[in-house]
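So the structure is just underneath, and the comments pick up after that.
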Amino acid sequence: MFDYTLIHWMTFMSAAVLLNISPGPDMAFILGQTLRSGRKHGFAAMFGIWTGAALHVIMAIAGLSAILATSALAFAVVKWLGAAYLIYLGIQMLRSRGESFLPSEHGESARSTRSVYWQGVLVCALNPKVAVFFLAFLPQFVVAGAGPASAQLLLHGVLIIAVAACIEPPLILAGSRLGTYLRRRPRVGLWMDRGLGALFVGLGVRLAASTR
């Protein structure tokens, strides 16, 4: 079971690394939360994104992602929900006065790590492009005779998240140090908040304009 060649693993792992380092809403959300509120919120965002990715893997195994790939209406509904949510997060940052970058002695962000976690789940889960990607990507690594197709899909989906576990924590730690620097400079933090807000609005608009 799971008898793969070295070329198979090299191809898959290379694709998994490229997938995880490519810029997008998921990475922007993780780094944005880290910069604004520190590594505790950054890790909460990361676990939320991983949960959303796990949901996409389960959907791909169950074949539910095929609905998004074949139904224009279903794709549009999820796309607009995701775009609206990204734009909402961006507007919240644009309206901020830099409070999230205030030094800790003046009070950290009132948002709980739980709320950041669930925001991460929604950011990933409401991105139909991710669902369609997993549906198209994972089956390419199913090898006849290597085990049940569902088990192979699950294995490769879990490994994609495992690769993220090697890439994202160091970025969060680095982002946390940068965030500490910004929190000592409220004026810079204010414009960073606005910059992140503009980025999320832009990502939401790009998602809204996307097609299957």
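Every read-out reported here was derived from the displayed coordinates using simple, explicitly stated rules and does not represent laboratory data. Predicted model, so just to flag it, every value in this text is computed and none were measured. Here the Cβ positions follow ideal geometry from the backbone for every residue, glycine too, while neighbour counts run over all protein chains shown.
The table below gives the values:
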{"read-out": "Extended-chain gain in nm, criterion 0.36 nm per residue less alpha-carbon gap, ALA144 and SER210", "value": "20.4 nm"}
{"read-out": "Neighbour-count order for THR211, THR180, fewest beta carbons within 10 angstrom listed first", "value": "THR211, THR180"}
{"read-out": "Rounded Å value of the spacing that divides the Cα centres of region 112-180 and region 26-100", "value": "12 Å"}
{"read-out": "Modelled FRET efficiency - R0 41 Å, TRP191 with ALA62, Cβ distances, 0.05 increments", "value": "0.40"}
{"read-out": "Gained length - THR51 relative to VAL17, 0.36 nm times residue gap less alpha-carbon distance", "value": "10.4 nm"}
{"read-out": "Identified option (computed Cα Rg over 2.2 N^0.38 Å; candidates (i) 1.03; (ii) 0.95; (iii) 1.09)", "value": "(iii)"}
{"read-out": "Relative contact order of the chain, pairs being alpha-carbon contacts under 8 Å that are 6 or more residues apart, as %", "value": "40 percent"}
{"read-out": "Dipole magnitude of the chain about its Cα centre (Cβ charges: Lys, Arg +1; Asp, Glu -1), debye to nearest 20", "value": "820 debye"}
{"read-out": "Extension gain (nm, one decimal) between LEU171 and ILE7, 0.36 nm per residue minus Cα-Cα", "value": "56.2 nm"}
{"read-out": "Using a Förster distance of 22 Å, the FRET efficiency for TRP118-ALA84 (Cβ separation, nearest 0.05)", "value": "0.85"}
